[in-house]
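Structure record follows, encoded as C-alpha cells.
Readers should treat all values here as calculations from the given coordinates under stated rules, not as data from a laboratory. Quick caveat, the model's predicted, so the values are computed rather than measured. Cβ placement follows ideal geometry from the backbone for every residue including glycine, while neighbour counts extend to all protein chains displayed.
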Amino acid sequence: MTLREAKRKLENYCAYQERCHKEVIEKLKGMRMIPEAIDQIVTQLIEDNFLNEERFAKSFARGKFNIKKWGKNRIENELKQRQISRYNITAALKEIDEETYIETLDTLAKKRLEQITETNLQKKRKKLADYLLYRGWESHLVYEKLRELIK
C-alpha cells in the first residue's frame, strides 16, 4: 500500500468518528506500515485536523457519560489507557455538567435499586455500591447515595 493510499484510508477512518493517536498508530501497524511512514501519516493527519486528541477526549467523555452513564473515574481510566495527556483528560472531564452528573447518579442508582431483589440490606447495599463503583462513580458520591436510598 502506498503512502497516499494509507493516508486516504486513515482520513476516512478518522472522519468516521473521533480517534486517538494510539488507535491510528495501531491501525497503521495493522496495515504493516513502517515506523517512518506511520510518523509521516500521523503528522499529516494532525496538520489536516483529522486527528486531535483534545477533541477526541472531550467527545469520548461526553459520549460515555451521556450514553453509557459512566462516572468520571471510569472515563479517566479509559482515557489513560488510550495514552491521553493529563491536560486533555482534565479538559474532557470539564465537559460534564456537575448538576447533570449528580442527577444521572441519582437516576442510575434508583433504577438499579429497583432491579435488585436481595432482601438483606447489607447485601443490597453492596450490590448497588459494586454496580456504581464499577461504572466509575466516585466512592464518596456512591456511599452518600447509599445512605440516602437504603435505610
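Some observations on this one:
- Neighbours of Thr100, meaning other residues whose beta-carbon lies under 12 angstrom from its beta-carbon, give a summed charge of -4 when Lys and Arg score +1 and Asp and Glu score -1.
- For the range 27-88 versus the range 115-139, the inter-centroid distance based on Cα atoms is 32 Å.
- Put a plus charge on the Cβ of each Lys and Arg, a minus charge on the Cβ of each Asp and Glu, and nothing anywhere else: the dipole of the chain about its Cα centre is then about 760 debye.
- Dipole axis of the chain (+1 Lys, Arg; -1 Asp, Glu on Cβ), positive-most option in Ile75, Gln40, Ala6: Ile75
- Between 0 and 90 degrees, the angle of helix 121-134 with respect to the longest Cα principal axis of the chain falls at about 10 degrees.
- Pairs from the table (Lys22/Lys111; Lys69/Lys126; Lys58/Lys151; Lys80/Lys126; Lys9/Lys68) lying more than 31 angstrom apart at Cα are Lys22/Lys111; Lys58/Lys151.
- Relative contact order of the range 98-149, pairs being alpha-carbon contacts under 8 Å that are 6 or more residues apart, as %: 34 percent
- Crossing angle, helix 53-66 versus the chain [Cα axis fit, 0-90 degrees, rounded to tens]: 30 degrees
- In percent, rounded to a whole number, the relative contact order of the range 53-93 is 62, using alpha-carbon pairs under 8 Å and six or more apart.
- Between the Cα long axis of helix 72-81 and the first principal axis of the chain there is an angle of about 30°, rounded to the nearest 10.
- Top of Glu36, Glu76, Glu26 by mean-square fluctuation, Gaussian network on the chain, Cα under 10 Å: Glu36
- Mean Cα-pair separation over length for the chain, i.e. relative contact order, pairs under 8 Å, 6 or more apart, %: 22 percent
- Distance in nm between pseudo-label sites at Glu99 and Glu148 (7 Å out along the Cβ direction from Cα): 1.5 nm
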